[in-house]
Amino acid sequence: MQRRTFIKNTGMMVAASAAVTSPFTFPNPEAKNKLPKWKGFNLLDFFSPDPSSGRKATTEEQLKWMSDWGFDFVRIPMAYPAYLKFDRSRNITPDEVYQIDEQAVERIDKLVSAAHKYNMHVSLNLHRAPGYCVNAGFNEPYNLWTDQKALDAFCFHWNMWAKRYKNVSSKKISFDLLNEPSMREDMNDQHSKRTSVPGEVYRKLALAASEAIRRENPMHLIIADGNDVGTSVIPEIADLDIAQSCRGYHPGIISHYKAPWAMKDTENIPEPKWPGQVGDQYLSRAMLEKFYKPWIELVQKGVGVHCGECGCWNKTPHAVFLAWFGDVLDILTTNGIGFSLWEFAGDFGVLDSRREDVRYEDWHGHKLDRKLLTLLMKY
């Protein structure tokens, strides 16, 4: 499709009605969740906007381990610049956002194909989309929420992916539109003030992207991350044929203890406990039950829900992490909601997390956190 024709079409499609009959229903008597109770991992192979500084590639052997351990889901958070061709010595321009690097896309295809070989459902996610990312570190040329050019580019990218997997079943692939949306004062400042995305603005984006995706295959499965960086249900799109993705990071003092990208001051903070008094709040399972109540109610209303990211950075004491995470996983899975750990290998992962208070098991040249793996396998 020519770029000009595509942009013209996306400009027209936003106003289209999108209340359609769901093509993708998995009966779940336990909680009536329209999505399967997938469990698995985020794979960060294409997470960095600069391929030269990206993660070591996930191997087929690692996918086999996941499958052997009983996992059936991988989420691939992608930074769109990772599969573009442009001059990386300067900031990207709006025109360059359309310059797809076919070789880079083929590398993503290879990972998807390998995951499918081991019976994994693959969720493709734009972690960095044209005009928005929850993280800074790459200069965006516009704002996805306010600039039509950014929305046009966003739809162009999703149409490309939908076309690429046009003939792949929704049981094997889904499209997670945008990682952890929020409104931010400065799109290129990590710590600038954040607010909720206005419901009508989020709906406009979801409608446009879903039209771009389902133009290729009306049966494609689409997932939208919760508002407020993934934490809040999006009631404004509950009538659409779009599932929603929550997070397993609440409260942040547990999951992101001393994380510099999440906290301006990483030194003057109380050490986490679970349960227990931490600073001015008492942390307990009850607070988690309150946090997930809107998501459980969303499941009961017939909207598919999955927890696309969960876990804990490696500075939280391991015993505290496991105690808290056990409650998170129990609440989710009891209500038929699957989960995906951030990440498989790395600081949040079951492999090579670099925690200082874990007795690791040697595993094929990696350091395995057996206690965390056992907990994940339990659910």
- Using only Cα atoms, find the angle between the long axis of helix 285-300 and the longest principal axis of the chain, and express it within 0 to 90 degrees, rounded to the nearest 10. 30
- Task: Mind jotting down the three principal axis lengths of the range 34-188 based on Cα atoms? Whole angstrom, largest first.
- Result: 43, 35, 28
- Message: Can you report the principal axis dimensions of the range 315-379 using only the alpha carbons, biggest first, rounded to whole angstrom?
- Response: 36, 23, 16
- Between LYS163 and HIS366, the FRET efficiency computed from the C-beta separation at R0 = 25 Å comes out, to the nearest 0.05, as 0.10
- The answer for the per residue Cα convex hull volume of the range 29-86, in Å³, is 98
- Which of the following values of Kirkwood radius over Cα pairs in Å was calculated from the structure shown: [x] 22.1; [y] 21.1; [z] 23.4? [y]
- Message: For the chain, take the longest principal axis of its alpha carbons; what is the angle in degrees between that and the long axis of helix 102-117, to the nearest 10 within 0 to 90?
- Response: 50
- Task: Enumerate the lysines that LYS204 could reach by cross-link, defined here as Cα to Cα under 24 Å, with residues fewer than 8 away along the same chain left out.
- Result: LYS8, LYS34, LYS149, LYS163, LYS166, LYS193, LYS301
- Task: Determine the dipole magnitude for the range 171-276: charges of +1 sit on the beta-carbon of Lys and Arg, -1 on that of Asp and Glu, nothing else is charged, the reference point is the Cα centre, and the result goes in debye to the nearest 20.
- Result: 260
- Query: In the calculated pair distance distribution of the range 240-379, what percentage of Cα-Cα distances lie above 18 Å?
  - Reply: 57
- Tilt of helix 318-334 relative to the longest C-alpha principal axis of the chain, in degrees (0 to 90, nearest 10)? 60
- Query: What's the exposure ranking of ILE254, ILE108, ILE100, going from fewest to most Cβ atoms within 10 Å?
  - Reply: ILE100, ILE108, ILE254
- Query: What 222 nm value per residue comes from the helices of the chain, counting each DSSP H run with n ≥ 4 as -39,500 (n - 2.57) and dividing by all residues, nearest 500 deg cm²/dmol?
  - Reply: -9500 deg cm²/dmol
- Proxy reagent accessibility, fewest Cβ within 10 Å first, across ASP87, ASP95, ASP147: ASP87, ASP95, ASP147
- Using the Cα atoms as the points, what is the convex hull volume per residue of the range 130-242 in Å³? 101
- Rg(Cα) of the range 189-303 divided by 2.2 N^0.38 Å? 1.30
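Each reported figure results from applying straightforward, stated rules to the coordinates on display, with no laboratory input. Because the structure is predicted, anything quoted here is derived from the model rather than measured. No Cβ is skipped: glycine too gets one built from the backbone with ideal geometry, and neighbour counts run over all protein chains shown.
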